[in-house]
1. Before we go on, tell me the buried accessible area for the A/B pair, both chains summed, 1.4 Å probe, in Å² to the nearest 100.
2. How much of the calculated P(r) for the stretch B:2-122 lies past 17 Å, in percent of all Cα pairs?
3. How big is the stretch A:160-231 along each principal axis, measuring the range of its Cα positions in Å and listing the largest first?
4. What are the residues of the stretch B:106-149 that lose 30 Å² or more of accessible area, with a 1.4 Å probe, going from their chain alone to all protein chains?
5. For chain A, with equal point scatterers placed on the C-alpha atoms only and solvent neglected, what are the log10 I(q)/I(0) values from the Debye formula at q = 0.09 1/Å, to two decimals?
6. Calculate, for chain A, the solvent-accessible area per residue in square angstrom, rolling a 1.4 angstrom probe over the heavy atoms of the protein chains.
7. Under a Cβ-only charge scheme (Lys and Arg +1, Asp and Glu -1), can you give me the dipole magnitude of the protein assembly as shown about the Cα centre, in debye to the nearest 20?
8. Using just the C-alpha positions of the stretch B:200-247 as equal point scatterers, what log10 of I(q)/I(0) does the Debye formula give at each q in 0.16, 0.23, 0.32 1/Å?
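The values are calculated or read from the model by the stated rules, or taken from the named source; none is laboratory data. Since this is a predicted model, take the numbers as computed values, not measurements. Glycine gets a Cβ as well: all are built from the backbone with ideal geometry, and neighbour counts include every protein chain shown. Ligands, DNA and RNA are excluded from the accessible area calculation, which covers all protein heavy atoms including side chains. Shrake-Rupley method; radii C 1.70, N 1.55, O 1.52, S 1.80 Å.
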Protein chains: 2
Amino acid sequence: MKFSIQRDDLVQSVNDVMKAVPSRTTIPILTGIKIVAGTDGVTLTGSDSDISIESFIPKEANGDEIVEIKQTGAIVLQAKFFSEIIRKLPTDTVEIEVHNHLQTVIRSGKSEFNLNGIEAEEYPHLPQIEEESKFRIPADLLKAMIRQTVFAVSVSETRPILTGVNWRAENNELICIATDSHRLALRKARVETENNETYNVVIPGKSLNELSKIIADTNEPIDIVITENQVLFKAKNLLFFSRLLEGNYPDTSRLIPQESKTDIVVHTKDFLHAIDRASLLAKEGRNNVVKFSTLTDGVVEVSSNTPEIGNVVEEIQSQAVEGEELKISFSAKYMMDALKALEGTDIKVSFTGAMRPFVIRPLHDESTLQLILPVRTY
Amino acid sequence: MKFSIQRDDLVQSVNDVMKAVPSRTTIPILTGIKIVAGTDGVTLTGSDSDISIESFIPKEANGDEIVEIKQTGAIVLQAKFFSEIIRKLPTDTVEIEVHNHLQTVIRSGKSEFNLNGIEAEEYPHLPQIEEESKFRIPADLLKAMIRQTVFAVSVSETRPILTGVNWRAENNELICIATDSHRLALRKARVETENNETYNVVIPGKSLNELSKIIADTNEPIDIVITENQVLFKAKNLLFFSRLLEGNYPDTSRLIPQESKTDIVVHTKDFLHAIDRASLLAKEGRNNVVKFSTLTDGVVEVSSNTPEIGNVVEEIQSQAVEGEELKISFSAKYMMDALKALEGTDIKVSFTGAMRPFVIRPLHDESTLQLILPVRTY
């Protein structure tokens, strides 16, 4: 194997596949990156066996030569060293050559590294995915759907299925749902599925977080292929594989109240900042719980009280309060997570009493919803 | 006590005094910030009993009203909560009022905090410093002198005196020296001392690091007052006290070689980057040691070899190599620290053999010097 390559393109690709490379693993070869020089370009692969990422660097892009293949071949190099080395090389072009069986030379200017490589044949094969049917989402919409749901997955392994996000596609609509059983995040969007196929799978939250870091914030289409135990996201020159979680995701539709007794409309940022301040004194004693109450003339109050430290009262002028008076307590953290996930300047919060879950939605937008279970303090 | 104050000025002052507030302490009141509202403005104090910082916010600056004193008085508030609260308040102006003995109200817009304060009388008094004689340095020069020496202090408490920087003033020259016994950093500058006073003190490295973060990068003068066991740095509206370390600082003058057998002149950044790359493979096995050797035609080589991982060879074209051939090994970390501390595009390294300390200086600049002890490997 021997090729020269533009360093910046190599660094970008290595950064992408590094997202899958584990720092510790029981399979030593997975701490490496597989490098394959083919006739059309160079392919890099990283994997922790749950997530696998393949990045392709073509010989040419936009008329510029990026890779010059002198001899095809393959090698696995320690990811940690390889990524640090190429980032710090002195010149724009890097030459990589395997000689003497596995010894790999990396040359750039007057800098020469010799790394002990590992036989590429020993690297695990990526999942084989039959592309029987797929659907397509623009990259920026995919990122938004991940961002608005994935934070709500469970961080506890007591119910492993809740550490993933439930993706359901039916009637050309994709619904993403995450819940840790104290709160729930839901986002839906129109998608074009082939053959009007239906899906119901659970994708690990960690996989979606890594995917979101890699895909660019453009409206380029991402193809999504779902099989029985794998999902594959295909972007330009990038393949992202993730295993799916096994088991049945709970039916969350009954959790979401269909009617409400108190509705308020507030400015999202004002409300977020007030909750943030009210939580400052609540972090210590009381598990970050704040109290919320409706006052008169559309004013709502958020407060917390930790006797050893002090108390805080925040008043917010809402745009509308409709329905019954209300006093309710909830986690400030869950509320802030939900408010940050929503888009739009104004939100509507719909309560059905102090003991029932309540729902936060952007005003005039039915595609997304956040639900929070209250805490019993009153 | 009652006053209203511009939030941005208050935040800035709180950030400054927070540098002295300990997160843990055996003296609970020191986790607080003392706030004193006087007729001329507001004074904040933070202290961990080694370092004390006092920041004054005057009633007016540049013709703008910053503080409006409604009633003088004093209180101590929990630093952690107070600093977070004021940073997040919604409006530009903040009102702070002590009522009901120690209950302190912080008001901003529709936000109202009540904090339990502590009696200001209980806060320890700052050191009393007789300003018998002082000297003066521009703030930016002081920062440079700290930056170029403090990194070389010892992090080990086996010889506590080495955790400080030795400051000596004599004949209107200030010399700052730090060493951890493996390397040494020295910086000198002209200063105007009153009465041609001489000083020889050791200032804790931690104090200098914190001081450096607080003082602005301007050429405003800083007055320095040194007493038997304290040093006081006085900037505009800011007092910074530090205790001095007790004990005699070792005489380091004999350590610095007066002659050399091999001298090289290299571009600072090129050399730094080459060392950085050579150290990439040296971090694991061999304590970050790289080898350095002179080749022919003014080329020098930096290399390292870790058999399990690989090896690296870096060639650097020097501007001049004079004297004997040389092979020597040293810590890449110490060399990088030294190179980062020096100013100037080119440096001169003067060796006196593979077993002797060597000296790095900026070309044509006698005010600063870095010394490193080699490692025996050849």
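1. Answer for the A-B pair: about 2600 Å² buried.
2. Beyond 17 Å sits 52 percent of the P(r) for the stretch B:2-122.
3. 35, 27, 23
4. Correct list: B:LYS110, B:GLU112, B:PHE113, B:ASN114, B:ASN116.
5. Values, matching the q order: -0.65.
6. Spelled out: the 1.4 Å probe surface of chain A, per residue, equals 47 Å².
7. 1320 debye
8. Taken in order of the listed q values, log10 I(q)/I(0) reads -0.43, -0.85, -1.32.
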